[in-house]
Amino acid sequence: MSRDSRREAIIEEGGKVFRAYQTSNDNFDQAIADHLGMNRTDMRCVDLIDQAGGMTAGELARAAGLTTGAVTAVIDRLERAGMARRVADPADRRRVRVEVTPKLWELTGPLLGPFIGESQVILDDYSTEELERFAEFLRRVIDVQSEHIQRIREM
């Protein structure tokens, strides 16, 4: 097998594995949402809030690709579940930010902890440089995917 054909085969296999990973990730997220009695939109939104360290409803709407009305309903449900709360924005008290509460990790910690622990073993198999390259790959894929999300939404 020539170097070019080997590279093409690896890229093709990588595409298949990446798609399988996305499906596995979706199934994992669905299992957690089901266990917590949540819908996937609420689960995705609370994760976006957590990743950002808090955000406004408008920022959440943009990040999740939802209307502001839909986001208001999501935030209301997350507040009722005790996973998020509305707080005054310290930079502008006229604005309201949404942040996660400790209850989020109380509920999800037992579900995610074993997965995170077992994943550490996998990470230990790779050098720091390999992990840096992998993180760079993922950031670049996210950037390209974000551009295409916008392109598709504008169609």
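The values are calculated or read from the model by the stated rules, or taken from the named source; none is laboratory data. Treat the numbers as computed from the prediction; the structure is a model and nothing was measured. FYI the Cβ positions are ideal-geometry reconstructions off the backbone, even for glycines, and counts take in every protein chain you see. Surface areas here come from the heavy atoms of the whole protein model, side chains and all, with no ligands, DNA or RNA. Shrake-Rupley method; radii C 1.70, N 1.55, O 1.52, S 1.80 Å.
Structure notes:
- Test for T56: is it open to solvent by less than 40 Å² (accessible area, probe 1.4 Å), out of contact with any Pro (no Cβ under 7 Å at 6 or more places or on another chain) and among the hydroxyl-bearing types (S, T, Y): yes
- Checklist (1) open to solvent by less than 50 Å² (accessible area, probe 1.4 Å); (2) within 27 Å of H35 (Cβ to Cβ) applied to E79, failing item: (1)
- Whenever a residue of the stretch 56-71 is closer than 17 Å to A84 by Cα, its partners that are of a type in the set (S, T, N, Q) and assigned to a helix (DSSP H, G or I), lying with C-beta atoms within less than 7 angstrom and at least six residues away or across chains, give the pairs A57/T68; A57/T72; G58/T68; A61/T68.
- A residue that is modelled with pLDDT of 95 or more and assigned to a strand (DSSP E or B) occurs nowhere in the stretch 140-149.
- Residue list for the stretch 145-155, restricted to those being within 16 Å of Q22 (Cβ to Cβ) and more than 16 Å from the chain's Cα centre (by Cα): H148
- Residues in the stretch 93-108 that are without any contact (Cβ under 8 Å) to a residue 60 or more places away in the chain, surrounded by 11 or more Cβ atoms within 10 Å (Cβ to Cβ) and in a helix (DSSP H, G or I): K103, L104, W105, E106.
- Qualifying residue in the stretch 62-76 (condition: of a type in the set (S, T, Y) and open to solvent by less than 60 Å² (accessible area, probe 1.4 Å)): no
- Evaluation of I11 against (1) loosely packed, with under 11 Cβ neighbours inside 10 Å; (2) at pLDDT 95 or above; (3) β-branched (V, I, T) (one fails), failing number: (2)
- Residue list for the stretch 26-40, restricted to those being buried (at least 16 other Cβ atoms within 10 Å of the Cβ) and either under 25 Å from V96 (Cβ atoms) or in contact with a Leu (Cβ under 8 Å, 6 or more places away or on another chain) (or both): I32, L36, M38
- Verdict on L111 being within 24 Å of A33 (Cβ to Cβ) and open to solvent by less than 40 Å² (accessible area, probe 1.4 Å): no
- Qualifying residue in the stretch 14-25 (condition: β-branched (V, I, T), open to solvent by 60 Å² or more (accessible area, probe 1.4 Å), within 14 Å of the chain's Cα centre (by Cα) and more than 19 Å from R153 (Cα to Cα)): yes
- Subset of the stretch 100-143 [aliphatic (A, V, I, L, M) and farther than 20 Å from R44 by Cβ]: V121, I122, L123, L131, A135
- Scanning the stretch 117-137 for residues that are assigned to a helix (DSSP H, G or I) and surrounded by 10 or more Cβ atoms within 10 Å (Cβ to Cβ) turns up S119, L123, E130, L131, E132, R133, F134, A135, E136, F137.
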